[in-house]
Amino acid sequence: MQFTADHAEWGRVDITLDDLGCGRSWEEIHRVRGLELVCPECGGQVFARVSKLGTRHLYHRTRPPTCSLANESLEHHLLKLELVTRARAAGYRAELEVAAPTGEWRADVMVFGPDGDRLMALEAQLSSITAEEIAARTDLYERDEVSVCWFGIKPRPWVGTVPTLLVQPPEDPKEPWSVSAGLARLAENSMHWVPVGATLTDAVSWMLTGRITPYTPVRGSRRVVDQDGCYEWAEGWTRYWDDSWRMWWTAPSYVAADAERARKEAEDRLRRQEEGRQRELKKREKARKKEAKSRAYAEFWNRTGLDRQQWRYFRALAELFFSRGLVFGAPDDRFGGGRPVYERTGPEGEHWTLVGVACPDPYRLRAWAEEISLLVPRDEDLADLAERAWEPFQVYVFDPDTGVMYHERVLPTPVVP
């Protein structure tokens, strides 16, 4: 199976690209008779087809034994051999090229558990493959209850989208293979992830014994923010990957710690959202009260016919008449749209006592009118109150235009039989 070929006119054809790398389409080569596609290595004719899993690839009609593109590469062979050796060194029975009974998958290395059941597939994936295709192959293993780890040497688009370790062979054959990426741990502050180096021997042993497990960190925990507010990977990872690396191997304790961190962050997020909601509600309530207050004042000035200068005179006359400091509140629906009048008492003026209502709407009088004084600016207002009195009212007139001040006890109008 291969993915590249040469065409006499188009040049190099790469079927992993949408335009085949030469401005053509898959339909122009798939099952097209008479199309001369040749292998770039051996020059033999190759043909385009789709595998049972939907993988587009090129194949030789007669597979040449010496063509590395048609046969397994040395790199692939050495990696498989290293994987089976490491699994056996960890004390497990491991076999090469174990196929599923259905033939839907074939593991490069299958590791068996103590009971003889298939434990984990170790796959050497060095050839080109898309993230969608490798996900489909991973799903087949999961369907058959077989764990899997994909091993690569170079960064590929699929790396990190499935359980992955990138490894490197040693320059000295006597030295062990190493893991270059795919292992991670939480930093001490548990806010971001950092890469971990290890030998392939240790990594294979850890995954087979459950000391590490594939894990997709909770969203928001994978990256750290630099001083400019830009998202970057933890040091040592940025040269290879971006957001496509979603899953790595880590210890279960780090999985639990990340879940706990995520839980706390979720709680904090909900708390902040609730605090924000409460602030918004308070803001809206404040705006509502402000608007209601503005409407109440507008209605008050319109109903009484007073302007602000007249109101100042009215208040001054009231304070002069009663010989005490008074506090006039805002128009209040509880007092018929009038303005409550308070007397401040106590050493620090800390006690406020309701003593009257200024300019209430005569049509909205209630029981409170029987207990407290009513303050009005004109004789006509006194007359309006008198017409609606059902009990004796104490009414004070403070005319801001003339300066007249007087008090009158208004009695209910007798009912004529």
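Yes/no matrix, rows are residues, columns are (1) at pLDDT below 85; (2) under 30 Å from LEU119 (Cβ atoms):
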position	(1), (2)
ASP6	yes, no
SER25	no, no
PRO65	yes, no
ALA99	yes, yes
THR102	no, yes
TRP105	no, yes
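Every test in (1) surrounded by 12 or more Cβ atoms within 10 Å (Cβ to Cβ); (2) without any contact (Cβ under 8 Å) to a residue 24 or more places away in the chain; (3) more than 14 Å from TYR313 (Cβ to Cβ) is passed by LEU385 save one, and that test is (2).
One residue stands out among those in segment 338-355 that are among the charged types (D, E, K, R) and surrounded by 15 or more Cβ atoms within 10 Å (Cβ to Cβ): the one that is modelled with the highest pLDDT, which is ARG339. Look at ALA89 and say whether it is among the aliphatic types (A, V, I, L, M) and over 41 Å from the mean Cα position of the chain (by Cα). Criteria met by ALA89.
Scan GLU133, GLU82 and give me the residue that is touching a Leu at 6+ places or on another chain (Cβ under 8 Å), over 27 Å from THR209 (Cα atoms) and at pLDDT 90 or above. Outline the logic, then answer.
Values: GLU82 fails: over 27 Å from THR209 (Cα atoms).
That would be GLU133, the only listed residue that is touching a Leu at 6+ places or on another chain (Cβ under 8 Å), over 27 Å from THR209 (Cα atoms) and at pLDDT 90 or above.
Only a single criterion out of (1) out of contact with any Phe, Trp or Tyr (no Cβ under 9 Å at 6 or more places or on another chain); (2) in a helix (DSSP H, G or I); (3) assigned by TED's automatic domain parsing to the domain that holds ASP399 is not satisfied by ARG324, namely (2). Among residues of segment 137-150 that are more than 24 Å from VAL179 (Cα to Cα), those with a beta-carbon under 6 Å from a residue that is modelled with pLDDT under 95 and surrounded by 19 or more Cβ atoms within 10 Å (Cβ to Cβ) at least six positions away or on a different chain give the pairs LEU140/TRP105.
Scanning segment 336-356 for residues that are farther than 17 Å from LYS293 by Cβ and in contact with a Pro (Cβ under 7 Å, 6 or more places away or on another chain) turns up just one, LEU354. With respect to the conditions (1) part of a loop (DSSP other than H, G, I, E, B); (2) at pLDDT 80 or above, ARG49 falls short on a single one, namely (1).
Among the residues making up segment 104-125, a single one is in contact (Cβ under 8 Å) with a residue 24 or more places away in the chain and surrounded by fewer than 16 Cβ atoms within 10 Å (Cβ to Cβ): GLU104.
Surrounded by fewer than 16 Cβ atoms within 10 Å (Cβ to Cβ) and among the small types (Gly, Ala, Ser), is that true of ALA330? Yes.
Each row is one residue, and each column tells you yes or no for (1) under 56 Å from the mean Cα position of the chain (by Cα); (2) within 19 Å of TRP301 (Cβ to Cβ); (3) modelled with pLDDT of 95 or more; (4) not in a strand (DSSP E or B).
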| site | (1), (2), (3), (4) |
| --- | --- |
| PRO331 | yes, yes, yes, yes |
| VAL357 | yes, yes, yes, no |
| LEU375 | no, yes, yes, no |
| ASP384 | no, yes, no, yes |
| GLU391 | no, no, no, yes |
| VAL395 | no, no, yes, no |
| THR413 | no, no, no, yes |
| VAL416 | no, no, no, yes |
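Scanning segment 240-260 for residues that are of a type in the set (D, E, K, R) and at pLDDT 85 or above, which turns out nearest to THR199 (Cα to Cα)? Give the steps one after another, and end with the answer.
At the first step, the residues of segment 240-260 found to be of a type in the set (D, E, K, R) are 242-243, 246, 258, 260.
From what's left, at pLDDT 85 or above: 258, 260.
Numbers: ASP258: 25, GLU260: 29 Å.
My answer is ASP258.
The values are calculated or read from the model by the stated rules, or taken from the named source; none is laboratory data. Source: prediction; values computed, not measured. Positions of Cβ are backbone-derived with ideal geometry, glycine not excepted, and every protein chain shown enters the neighbour counts.
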